[in-house]
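> I'd like to ask you about the structure that follows.
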Amino acid sequence: MALPRFSSTLIGAPTSTSFFRSVHPILHPSLPHLPNRVLAASLAVHNSSLPITTEAPKTTRWKPLCLYHTHGKCTQVDDPLHLEKFNHNYQIDLQVNAAELDNLRPQNFDYFLVLDLEGKVEILEFPVVMINAKNMEFIDLFHRFVRPVGMSEKRISEYIEGKYGKLGLERVWHDTATPFKDVLQEFQIWMEKHFILEKESGGPLHGAAFVTCGNWDLKTKIPEQLKVSKIKPPAYFMEWINLKDIYLNFYNRRATGMMTMMRELNIPLLGSHHLGIDDTKNIARVLQHMLADGAVLQVTAKRSSSVTGDVKFFFKNRIR
């Protein structure tokens, strides 16, 4: 079994963000609504790479991300009490040590886009973590809560209460969620800023690939949401890497999900399982561990013609 590669100081990290309810920031009523382009631009300041260090990280109490901050809407970045409770540093859970690069092998891509959607009826959360394939470093993240378009407000409220209420996040969701069409436009701007999207709007990715924990996100949920939102399928959703298939063929053992992979690799869970941004970061940590062990990632699935077309799976030995 591969040895753990993350600091033991994280083992006691909390696995719930329930205290969001009483301390997350309030949007001031006098603040103007930020247009989508402004919101996207506000995230550009977080795209610097983290320098590799050979020193052990300092022991600190784990803190959940400020989810207003991930949307560019935090109004309490100067409040010491708020900063004590919430993390505004996207990189802190994804640091890389120089020793982990010893077994790193050349990859077929420059960047990996780890994606883990949330929402059974419609997509409720769209989080992406960008990892440098050459040195495993965190590059940037994109995170948006998504407001359903095919449901009544009453049904949405019930849906969100059931999904995020137990985490104390229903308020931040209602304050920040936008329709999937707007989220996708912002995501394309984000990808263009990182030069991983072909100039043609909705074109294929350039030097990058989506990494998912299973096929559901891009095989099933994205096509369903595109249909509901009446959006033409973008070419960049045509292929992906199912990390569970890579795991199966690299370690020669099955892992039915993220929790199994983390347990077998001795990676402690950080945050709340089924909060999309936390799951995406944890999957990115599994990805980093596998890269450090010498795994080479390749596309595991691709659609034949359109996002609604047949899917071809490239691995004979795969998780079904």
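> So if each residue of separation counts as 0.36 nm, and I subtract the Cα-Cα distance between N89 and E264, what length gain in nm does that give?
So the chain would gain 60.2 nm between N89 and E264.
> Still on this model: Straight distance only, please: which aspartates and glutamates reach the Cα of K312 with their own Cα at less than 17 Å, same-chain residues fewer than 8 apart left out?
D217, E239, D245
> If you don't mind, there's one more thing I want to ask. Hey, can you find the accessible area per residue of segment 50-176 for me, probe 1.4 Å, expressed in square angstrom?
Accessible surface, normalised per residue, equals 44 Å².
> Next question, about the same structure. Step through the residues of segment 114-127 one at a time and calculate ³J(HN,Hα) from phi using the Karplus curve (6.51 cos²θ - 1.76 cosθ + 1.60, θ = phi - 60°), rounding each to whole Hz and writing x for Gly and Pro.
Result, ordered by residue: 6, 10, 9, 6, 10, x, 8, 7, 10, 5, 10, 8, 10, x Hz.
> Spelling out what I want: for every residue of segment 249-263, take phi, set θ = phi - 60°, compute 6.51 cos²θ - 1.76 cosθ + 1.60 (Karplus), and round to whole Hz; glycine and proline get x.
So the Karplus estimates, Gly and Pro as x, are 7, 7, 9, 6, 8, 7, 9, 7, x, 4, 4, 5, 4, 5, 5 Hz.
> Can you tell me the length gained on complete extension of the stretch V149 to R171, counting 0.36 nm per residue apart and subtracting the Cα distance?
Answer, rounded to one decimal: 6.1 nm.
> For segment 194-298, with all protein chains present and a 1.4 Å probe, just round the carbon and sulfur fraction of the accessible area to a whole percent. Could the numbers behind the result be given before it?
Details: 1980 of 3740 Å².
Ligands and nucleic acids excluded, carbon and sulfur reach 53 percent.
> Then there's this: What do you get for chymotrypsin sites (Phe, Trp or Tyr not before Pro) in segment 221-317 restricted to DSSP loop and a cutoff of at most 15 other Cβ within 10 Å of the site's Cβ?
Sparse-neighbourhood loop chymotrypsin sites (Phe, Trp or Tyr not before Pro): F314, F315.
> Which whole number in µm²/s is D for segment 165-287 by Stokes-Einstein, with the Kirkwood Rh taken over Cα pairs at 37 °C and 0.692 mPa s?
Answer, rounded: 200 µm²/s.
> Whole-Hz ³J(HN,Hα) for each residue in segment 285-296, computed from phi via Karplus 6.51 cos²θ - 1.76 cosθ + 1.60 with θ = phi - 60°, x for glycine and proline: what do you get?
Calculated HN-Hα couplings, in order: 5, 5, 4, 4, 4, 5, 4, 5, 7, x, 5, 10 Hz.
> With respect to the cross-link table entries K120/K232; K73/K163; K230/K302; K63/K193; K73/K227; K73/K134, which display a Cα-Cα separation exceeding 26 Å?
In this structure, K63/K193; K73/K227; K73/K134 lie more than 26 Å apart at Cα.
The values are calculated or read from the model by the stated rules, or taken from the named source; none is laboratory data. Given the structure is predicted, the values throughout are model-derived calculations rather than measurements. Neighbour counts run over all protein chains shown; Cβ positions are idealised from the backbone, glycine included. For the accessible areas, the whole protein counts, side chains as well, though only heavy atoms, and no ligand, DNA or RNA atoms are used. Shrake-Rupley method; radii C 1.70, N 1.55, O 1.52, S 1.80 Å.
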